[in-house]
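These notes are about the structure you will find just below.
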Amino acid sequence: MNKIGTRIFAGFVAAGIGFGAVGCGNNKNDNEVQVQSNSLATSTISWTLHQNAPIPENAEMIRYLEEKYNVDLDIWNLENNRYESLLELKIAQQGAPDLLRVRQPQDLLKVQQQGLVTEIPLDTLEHSAPNLFAALNKYAPGYLEDGKIEGKLYGIPVINPTNAYRIPVVYRQDWLDKLGLKVPDTLAEFEKMIYAFTFEDPDGNGIDDTYGLSMEGMNVVFGAFGQIVFADQLYFNEKNGKKVIGALEPEMKEALRYLRKWYADGVIDPQFLTGENKGGYKHLSHAFINGRIGMTSMGNYYHWIDDNDYLAWNVDERGLVIEKPVQATYNIKELKAKNPDAKVSFGRPFMGPHGKRGSKAYDMLMSFTAIGANVVDEPGKMEKILQILDDVSANPDDNELTTWKNGIIGKHWNWADASHQDIVTLPPYDRETNLLNKIGANIGMTLPFPQTGRREQWASTLHLDQDGIYNALEIATPSLVRSSEQLIALRNQAYLAFITGERPLDEFDNFVQEFRKAGGDEVLREANALTSYTR
């Protein structure tokens, strides 16, 4: 063991953590897998994951993992906002990584067709990653089927339990207060509000520089008619027992009539064509932060935490764990930096004329974890990769799992209390940006364990687990792989033209026919031919 490995190992021992073989116990098969995996000679395992910052080569958690498993871990540092393009370039240079994060679920079929991934036999997954396998079957039954292509498993589903909460609908409460309005509950009330936001000087600066909404708010308007349109994928819905593409449904013509009128009247931000985010962190609504619009539905709930929303655990200057009001995050933090007097509020998605309401919700199926095609050339390598993945993602010991996710206990973090529901990051690491990437922690995959933390308890009080509109098709079909990019571009072009008045709304049915002829009919046929699994 080298000096780095010795130092890290000593840190774990001092913290009272003993790392044993994952899932061994008295099970003969597990013991056999352990022996087979550890008998593999030292090798390099290339690994991809979600990351907000590069992981250094000498990151201590990576070093410890390498010592424990007798491997060299080659982390591919791929910027998340450009993940697919950077991955494609890297694969062209080196071939597929051994552990491949398929960020968009719809891309699993594509990488399988390209020969980049290999089958993961179910019995190998169960024996080499028993805790991960058990968690998926217990908390996300049926989702393993989504990772199968022609009956063979190619992708381990990454299920995000926090996606049980839909995207919030957010308003400038100080604007509402100034204008004597309330958070709207119906489309008619929403319309009244956005006209007031535009023409009644809600920010009080005497300048005509405010608008009601921009692009992300439009999805809540579409949601008032039961569909979602603007997304980086085609949104499907269930209607009369069949899957339909929301953007093609006749009620969207009615929704577009509202948006078209609002745009003509100057109520929609004219910059909506370029989106609300102007660069940097992708979940920031700069249009909202800068006071151009008074309503948005961009970013997840944890991007909208305000000061004092709930009590969070912290460490004081004496090193004692205390409860302290949470501080504003992301959008609200940026908003208050520009306008300290700004206030926000959340609303239920407003109801449309036919009794429907909803805002966009991210799929529970977030991505897939796959094994690179070249792994089969090294006997025992797949088993070792799965064993590592099991350890860092699903270790049944709270201390060990939380250490893999957050760093060394007693150094980087401690439990907040005896319940082991929350942790506190210890000084000076509590001031570090992207700490987990810097130390090489949290390199595993997200699993659908029940969420018990205070942040998620707060989200539940906002009823964000209600009124979400999810994509009814979480995986791709062959025609969707071929045609989705073209169809999404066709959808966006038509919808933007309808809203801005460049194309008569009477041509909506023509657009539907264009879409169907461009591949939409085949996509719908294949989508409806897929077997439905009970969730």
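The values are calculated or read from the model by the stated rules, or taken from the named source; none is laboratory data. Note that the structure is a prediction, hence the values are computed from the model and not measured. So basically every Cβ, Gly included, is an ideal-geometry build from the backbone, and we count neighbours across all protein chains shown.
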Contact list, first residue from segment 302-331 and assigned to a loop (DSSP other than H, G, I, E, B) and modelled with pLDDT of 95 or more, second anywhere and aliphatic (A, V, I, L, M) and surrounded by fewer than 18 Cβ atoms within 10 Å (Cβ to Cβ), beta-carbon distance below 8 Å, six or more apart or interchain, is VAL326/LEU311
Given (1) of a type in the set (A, V, I, L, M); (2) part of a loop (DSSP other than H, G, I, E, B); (3) buried (at least 24 other Cβ atoms within 10 Å of the Cβ), where does LEU181 come up short, assuming only one miss?
-> (3)
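Filter segment 428-439 down to residues that are surrounded by 13 or more Cβ atoms within 10 Å (Cβ to Cβ) and not polar (S, T, N, Q) and give me whichever is farthest from LEU401 (Cα to Cα). First the steps, then the outcome.
Looking only at segment 428-439, we keep the residues that are surrounded by 13 or more Cβ atoms within 10 Å (Cβ to Cβ), and these are 429-430, 432, 435-439.
Add one more test, that the residue is not polar (S, T, N, Q), and what stays is 429-430, 432, 435-436, 438-439.
Working: TYR429: 19, ASP430: 20, GLU432: 21, LEU435: 17, LEU436: 14, LYS438: 18, ILE439: 15 Å.
Once the filter is applied, the top-ranked residue is GLU432.
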Quick check: is even one residue across segment 432-453 at pLDDT below 95 and on the phi > 0 side of the Ramachandran plot?
-> yes
Looking at (1) closer than 16 Å to ILE245 by Cα; (2) without any contact (Cβ under 8 Å) to a residue 12 or more places away in the chain, which is the only condition GLU507 fails?
-> (1)
All but one of (1) within 25 Å of GLY299 (Cα to Cα); (2) of a type outside the set (Phe, Trp, Tyr); (3) surrounded by fewer than 21 Cβ atoms within 10 Å (Cβ to Cβ); (4) in contact with a helix residue (DSSP H, G or I) (Cβ under 8 Å, 6 or more places away or on another chain) hold for PRO157, so report the exception by its number.
-> (3)
Are there any pairs with C-beta distances below 7 angstrom linking a residue in segment 357-382 that is closer than 17 Å to VAL71 by Cβ to a residue that is assigned to a strand (DSSP E or B) and hydroxyl-bearing (Ser, Thr, Tyr), with the two at least 6 apart or on different chains, and if so which?
-> GLU378/SER43; LYS381/SER43
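Do you know which of the residues in segment 35-84 that are small (Gly, Ala, Ser) and modelled with pLDDT under 95 is nearest to THR403 (Cα to Cα)? Let's see the steps before the verdict.
Of all residues in segment 35-84, those small (Gly, Ala, Ser) come to 37, 39, 41, 43, 46, 53, 59.
Remaining after also requiring modelled with pLDDT under 95: 37, 39, 41, 43, 53.
Details: SER37: 22, SER39: 25, ALA41: 26, SER43: 24, ALA53: 19 Å.
In this case the residue turns out to be ALA53.
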Failed criterion for GLU485 (all others in (1) surrounded by 13 or more Cβ atoms within 10 Å (Cβ to Cβ); (2) of a type in the set (D, E, K, R); (3) within 26 Å of the chain's Cα centre (by Cα) hold) | (1)
Of all the residues that make up segment 212-228, how many are more than 16 Å from THR500 (Cα to Cα) and either part of a loop (DSSP other than H, G, I, E, B) or hydroxyl-bearing (Ser, Thr, Tyr) (or both)?
-> 5
Looking for whichever is closer than 15 Å to PHE368 by Cα, surrounded by 21 or more Cβ atoms within 10 Å (Cβ to Cβ), in contact (Cβ under 8 Å) with a residue 12 or more places away in the chain and in the same structural domain as SER43 (by TED's automatic domain parsing) here; the options are GLN104, GLN112. Which one fits?
-> GLN112
Taking segment 461-498 and the residues there that are of a type in the set (S, T, N, Q) and touching a residue at least 40 places away in the same chain (Cβ under 8 Å), the one that is farthest from GLY147 (Cα to Cα) would be ASN492
In segment 297-313, anything surrounded by fewer than 18 Cβ atoms within 10 Å (Cβ to Cβ) and in contact with an Asp or Glu (Cβ under 8 Å, 6 or more places away or on another chain) is listed as LEU311
